[in-house]
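Structure first, commentary second.
The values are calculated or read from the model by the stated rules, or taken from the named source; none is laboratory data. Remember, it's a predicted structure, so these values are computed and weren't measured experimentally. Here the Cβ positions follow ideal geometry from the backbone for every residue, glycine too, while neighbour counts run over all protein chains shown. Surface areas here come from the heavy atoms of the whole protein model, side chains and all, with no ligands, DNA or RNA. Shrake-Rupley method; radii C 1.70, N 1.55, O 1.52, S 1.80 Å.
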Amino acid sequence: MLHAKNRLVLDRPFDVWLREAAAAGVLEIVPLDVEVVIALDRLPASFHGDPADRLIVATARAHDIPVATHDGVIRKSRTATLWKP
């Protein structure tokens, strides 16, 4: 995880941070449903070799959710709308 690699610095212990970040009203969990699988199938074969990143982008596309990421491959691909703070 990013915090374990010191690529994300948290101001509290990870378990506390995660519980607060996942609290009701802060985070919405969307299902891995048929629309996500269809969006996954429609991604170009050449797009990103990381299956988790492919799933993130497909989920964002299926549910029309912008992606917040520093991943250069995702950012340059224009396969998903990027979140703008």
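Matching residues to (1) open to solvent by less than 70 Å² (accessible area, probe 1.4 Å); (2) assigned to a loop (DSSP other than H, G, I, E, B):
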site: HIS3; (1), (2): yes, yes
site: ARG7; (1), (2): no, yes
site: ILE29; (1), (2): no, yes
site: LEU32; (1), (2): no, yes
site: ALA39; (1), (2): yes, no
site: PHE47; (1), (2): yes, yes
site: THR59; (1), (2): yes, no
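Looking only at the stretch 48-81, which residues are touching a strand residue (DSSP E or B) at 6+ places or on another chain (Cβ under 9 Å) and among the small types (Gly, Ala, Ser)?
Listed by number, the residues that qualify are ALA60, ALA68, ALA80.
Quick one: GLY25 ticks every box in (1) in contact with a helix residue (DSSP H, G or I) (Cβ under 6 Å, 6 or more places away or on another chain); (2) open to solvent by 80 Å² or more (accessible area, probe 1.4 Å); (3) under 23 Å from LYS84 (Cα atoms) bar one, so which box is it?
Every condition holds for GLY25 apart from (1).
Here are ASP41, ASP11: which of them is out of contact with any strand residue (DSSP E or B) (no Cβ under 6 Å at 6 or more places or on another chain) and closer than 28 Å to SER77 by Cα? Talk me through it step by step, then tell me what you get.
Values: ASP11 fails: closer than 28 Å to SER77 by Cα.
Exactly one residue qualifies, and that residue is ASP41.
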